[in-house]
Amino acid sequence: ITSFAKGDKKSLKVLLEKNLFNDFSKIIDERNKNELKYETTFIGLKSSKVVEFKKIENIYKVTVNFVSEIITCAKDQNNQIIHGNPDTIKTANDIWKFSKNMWSQDPTWYLVETSNK
């Protein structure tokens with residue numbers, strides 16, 4: 001969450017499936033082009049629940065519902081707030097889908113999709 005807000009593509013690349021990384025990169029590039037700065041503070045996780053698990057041949061897929069608390073805002077090039085509030089904690093309810101090739105020696109579960117609930 002914070003790597004995306006910071007526009008840290010290097011950190012995201014090792015955690016995201018290729019198509020999702022490309023989507024995130026486009027959003028980060030557009031923000032940079034428009035000189036927008038996103039600030040996100042992750043307060044904590046209120047709950048997480050596995051809502052689906054699938055095994056398709058050697059690929060495992062798991063869908064998790066995360067409920068977390070975050071502080072988030074966007075600022076323009078003049079440091080003026082254009083979205084969100086840097087002083088308000090909000091609850092985020094997100095669905096994240098992860099995938100892992102169980103034959104791979106790589107222990108990483110890659111994030112392949114995100115959505116709001």
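The values are calculated or read from the model by the stated rules, or taken from the named source; none is laboratory data. It should be emphasised that the depicted structure is a prediction, and the values quoted were computed from it without experimental measurement. Cβ atoms come from the backbone with ideal geometry, glycine included; neighbour counts cover every protein chain shown. Just so you know, the surface numbers come from the protein's heavy atoms only, side chains and all, with ligands and any DNA or RNA stripped out. Shrake-Rupley method; radii C 1.70, N 1.55, O 1.52, S 1.80 Å.
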When region 1-43 is examined, which residues are found to be open to solvent by less than 80 Å² (accessible area, probe 1.4 Å), assigned to a loop (DSSP other than H, G, I, E, B) and either farther than 13 Å from Leu111 by Cβ or free of Cβ contacts under 8 Å to residues at least 40 places away in the same chain (or both)? Gly7, Asp8, Asn34, Leu36
Can you name the residue in region 69-90 that is in contact (Cβ under 8 Å) with a residue 12 or more places away in the chain and open to solvent by 100 Å² or more (accessible area, probe 1.4 Å) and, of all such residues, is farthest from Glu35 (Cα to Cα)? Asp87
Kindly indicate whether Lys49 is touching a residue at least 40 places away in the same chain (Cβ under 8 Å), open to solvent by 60 Å² or more (accessible area, probe 1.4 Å) and either touching a Leu at 6+ places or on another chain (Cβ under 6 Å) or not aromatic (Phe, Trp, Tyr) (or both). no
Hey, any hits in region 72-83 for a residue that's closer than 16 Å to Val112 by Cα and not hydrophobic (A, V, I, L, M, F, W, C)? no
